[in-house]
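A quick write-up on the structure given underneath.
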Amino acid sequence: GGQGGIALGARLKRLGVPAVILEKNGRAGDSWRKRYASLVLHDPVWYDHLPYKPFPEGWPVFTPKDQLGDWLEQYADEMQLEYWGGSPCLGASRNGAAWEVRTLRNGAPVTLHPKHVVLATGMSGFPSVPKIPGAERFRGTAVHSSGFEGGAGWAGKKCVVIGASTSAHDICQDLVVHGAEATMVQRSSVIVATSEALLEHAWGRLYSEAALARGVTTDIADLTLASIPHKVLPSLQVPLYQTIAKRDAWLYEGLARAGFLHDFGPDGSGIHTCYLRRGAGYYIETGASKMIIEGRIGLASGAGIARL
């Protein structure tokens with residue numbers, strides 16, 4: 001019942017295929033609302049349109065998570081989707097020509113018998129919590145990024161954030177803004193690019209107001225992007241990131257001075273192919289890199305965690 005399940009539900013509705021969307025959270029959009037307070041999408045708005053109902057004019061280029069959550073809820077309602085909030089999938093098994101799917105409806109057990117089951121559980125639906133020696137005896141607060149609500153309650157505290165991708169940067173920035181002392185522990189190299197450079201040299205060619213002015217609608221942009229075979233994509237991205245490296249040399253020189261480990265991926269093809277391969281390992285600069293360069297976010301790079 002996140003954006004993937006909702007978008008597919010809308011497509012099926014238009015095709016006349018009956019479908020029930022099961023969502024463990026209470027409301028459509030809760031998968032975004034329940035994330036940390038400062039979370040903002042790093043994709044430009046034109047990249048994020050849902051089927052049949054684009055975001056209105058004047059929508060933020062980078063959407064705040066609560067605003068997106070409310071949009072998803074409104075969208076599911078307007079599209080008249082059969083959306084069951086508070087209905088986790090408790091199990092699914094094949095039974096002859098159909099499936100048996102066990103769930104809850106208003107707290108009561110229900111078994112559905114669909115012909116098909118789609119898993120739209122998201123690329124970040126399951127927290128990856130490392131086992132760290134000593135964690136069971138740690139007397140401070142330990143929280144996974146999926147359970148971090150925001151920096152407002154951390155003022156005056158000393159915090160260690162393990163990881164150096166998007167969530168780690170966002171959380172460190174949020175902690176510092178709210179008066180906490182944050183140190184990022186970086187275990188491996190990370191791809192970094194500014195949102196301005198990506199709009200200028202990457203996304204902006206297909207997803208931007210300038211692209212729309214040239215007649216490149218979101219549908220055309222999607223078809224163009226989908227037409228490029230994944231095997232070919234990396235070689236097309238390498239020159240783009242060579243240009244970005246020159247454009248934002250100040251950023252990469254500053255990160256190197258601070259000791260931050262950065263690159264553009266093993267083959268130099270940058271964020272898009274990294275996302276397709278791993279779904280992690282990158283950060284789009286919206287302020288945290290500048291804080292690292294200035295020393296406002298502490299950094300321990302190139303080491304693992306011995307114990308807590």
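The values are calculated or read from the model by the stated rules, or taken from the named source; none is laboratory data. Bear in mind the structure is a predicted one, so any value in this text is a computation, not a measurement. Cβ atoms come from the backbone with ideal geometry, glycine included; neighbour counts cover every protein chain shown. Side chains are part of the model used for accessible areas, which takes the heavy atoms of the whole protein and leaves out ligands, DNA and RNA. Shrake-Rupley method; radii C 1.70, N 1.55, O 1.52, S 1.80 Å.
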Per GNM of the chain with C-alpha springs under 10 angstrom, the most fluctuating residue out of Val176, Val17, Val190 is Val17
By accessible area with a 1.4 Å probe, ligands and nucleic acids excluded, highest first: order of Tyr52, Tyr75: Tyr52, Tyr75
If amide H atoms are modeled at 1.01 Å from N in the peptide plane, then the residues at a separation of 5 or more from Leu299, or on another chain, having amide H under 5 Å from its own are Met184
For the range 189-294, what relative contact order do you get, as a whole percent, if you take Cα pairs closer than 8 Å and at least 6 residues apart? 43 percent
Here D for the chain, in µm²/s, from Stokes-Einstein with a Kirkwood Rh over Cα pairs at 25 °C and 0.890 mPa s, works out to 113 µm²/s
Calculated from DSSP H runs of 4 or more alone, at -39500 (n - 2.57) each and per residue, what is the 222 nm mean residue ellipticity of the chain, nearest 500? -9500 deg cm²/dmol
Tilt, helix 65-78 to longest principal axis of the chain (alpha-carbon atoms), in degrees rounded to tens, equals 10 degrees
Going toward the positive end of the dipole of the chain, with +1 on Lys and Arg Cβ and -1 on Asp and Glu Cβ, which of Asn95, Val232, Val216 do you reach last? Asn95
Can you pull the three principal axis extents for the Cα set of the range 79-230, in Å, largest first? 57, 55, 30
Mind giving me the FRET efficiency for Arg139 and Ala245? R0 is 51 Å, r the Cβ-Cβ distance, nearest 0.05 is fine. 0.70
Within a Gaussian network of the chain (alpha carbon springs, distance under 10 Å), most fluctuating of Thr183, Thr166, Thr243: Thr243
Which value in nm describes the separation of the simple spin-label points at Glu149 and Met123, placed 7 Å from the Cα toward the beta carbon? 2.9 nm
Extended-chain gain in nm, criterion 0.36 nm per residue less alpha-carbon gap, Ile220 and Ala256: 9.1 nm
Would you work out which of Gly2, Met291, Trp59 lies farthest towards the positive end of the dipole of the chain? Charges go on Cβ: Lys and Arg +1, Asp and Glu -1. Gly2
With +1 assigned to the C-beta of every Lys and Arg and -1 to the C-beta of every Asp and Glu, and no other charges, what is the dipole magnitude of the range 1-88 about the Cα centre in debye, to the nearest 20? 240 debye
Decide, for the range 140-240, between rounded, prolate and oblate: order the square roots of the alpha carbon gyration tensor eigenvalues as a ≥ b ≥ c, take rounded if a/c falls under 1.5, and otherwise choose prolate if a/b is larger than b/c, else oblate. prolate
Could you compute the FRET efficiency for Asp263 and Asn106, with r as their C-beta to C-beta distance and R0 at 51 Å, rounded to 0.05? 0.50
Quick one: Cα centre-to-centre distance for the range 120-173 and the range 17-75, in angstrom? 23 Å
